[in-house]
Ligand code: 5GP
Ligand code: ZN
């Protein structure tokens, strides 16, 4: 679903890292200039299916505004962080994995394997998830 779409183009003003929003893969997906299987969009966040899914349900939830990682969140972003988490829970319901259980992962920095410098929550579910993660 795509809602609140027209507001997006003006929300890239704050940089969050070495890469500019203009060159950012997930900013382009948010803007619709690179295709993705979008499952949710509102004025704050966009969620789309991971290109290389690691579980039967693997959705990425990203802020529409470019923020490189959780390390770049400021105090005024507290509401954004809460909305991203609540969106993950809502999408778990929508994807039918809320009852069976799911995992929300935020890889941050090289040792954790963050490969796209735009904050994203992985929503994973639909199978038994091992612990500890690799
Ligand atoms: P990270 O490794 O940074 O935590 O997660 C990045 C995720 O983005 C990976 O799971 C990867 O499969 C996914 N990804 C990379 N490029 C694309 C793309 O162009 N489209 C979609 N839908 N997912 C992507
Ligand atoms: Zn971005």
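Only the coordinates and a few stated rules stand behind these numbers; no lab work does. The model shown is predicted, which means the values in this text are computed figures rather than measured ones. Reconstructed Cβ throughout: ideal geometry from the backbone, glycine too, with neighbour counts over all protein chains shown.
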Scan of segment 91-124 for residues that are buried (at least 17 other Cβ atoms within 10 Å of the Cβ) and over 26 Å from residue 65 (Cα atoms), ordered by number: 97
message: Can you say whether residue 39 is touching a residue at least 40 places away in the same chain (Cβ under 8 Å) and surrounded by 20 or more Cβ atoms within 10 Å (Cβ to Cβ), as far as the supplied structure shows?
response: no
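Listed here are the residues, each with its yes/no results for (1) without any contact (Cβ under 8 Å) to a residue 60 or more places away in the chain; (2) under 16 Å from residue 24 (Cβ atoms).
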{"position": "34", "(1), (2)": "yes, yes"}
{"position": "47", "(1), (2)": "no, no"}
{"position": "51", "(1), (2)": "yes, yes"}
{"position": "56", "(1), (2)": "no, no"}
{"position": "62", "(1), (2)": "yes, yes"}
{"position": "67", "(1), (2)": "yes, yes"}
{"position": "72", "(1), (2)": "yes, yes"}
{"position": "77", "(1), (2)": "yes, no"}
message: For segment 66-78, check the following and say yes or no: at least one residue is surrounded by 20 or more Cβ atoms within 10 Å (Cβ to Cβ) and touching a helix residue (DSSP H, G or I) at 6+ places or on another chain (Cβ under 8 Å).
response: yes
